[in-house]
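First comes the structure, then the notes that go with it.
We did not get these values from a lab; they are worked out from the coordinates using the rules stated. If you're wondering where the values come from, they're calculated on a predicted model, not measured in any experiment. Note that each Cβ is placed from the backbone with ideal geometry, even for glycine, and that neighbours are counted across all protein chains shown.
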Amino acid sequence: MEIVCGDLPLEGIRANALQKKKGETNMTLFYKEMKSPVGKLKLVASSKALVAVLWEQERPNRVELDTMNLDPQHPILIEAERQLSEYFAGKRIQFDLPLQPDGTEFQKKVWQALREIPLGKTKSYLDLARAVGSPDAARAVGAANGKNPLSIVVPCHRVFGADGTLTGFAGGLETKAVLLALEARPVKSQEAI
């Protein structure tokens, strides 16, 4: 089954969608935190879309964002928390959220390919490089994977090293293993979302 992450195709978003242009002010961002089986997550949104899902022990500058304002009632953040909670409970197999990741054209191409890895399946960095039409760019694909601002929702945890081993993951290898184990269990409802 294909993972769907909302109606906004990544390729339709400007590479600098979250960066200010000359003469523009910073985009207003909002956040809320949620507890999860893999630790506290920080959900970040603009007025129109989910911008990031960050780890509790997030590496500084992995995802560069403007100043954020706490808004636990922001509708996109409430919906993202609801869908992530359903995912962790084994009741959601796809996300349906408006997304607005910031990245280069190549990064967005990789992130789009990540969205096409079905729940319960994995790919190697080489497989992903081939999927984006750059078979000699497995390292660049790995770097783009590491810059994915939408952890879990854009499933970068489903990518392995060429030899099948768990490799680098912003949330930590233990978290990557937990997410993969969670996705390997049967869905709890016939009507899973």
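Using Cβ contacts closer than 10 Å as the measure, can you line up 55, 111 from fewest to most?
55, 111
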Considering all projection directions equally, how large on average is the shadow of the alpha-carbon convex hull of segment 34-169, in square nanometres? 8.2
What do the square roots of 5 times the Cα gyration tensor eigenvalues come to for segment 117-193, in whole Å, largest first, as semi-axes of the equivalent ellipsoid? 23, 14, 12
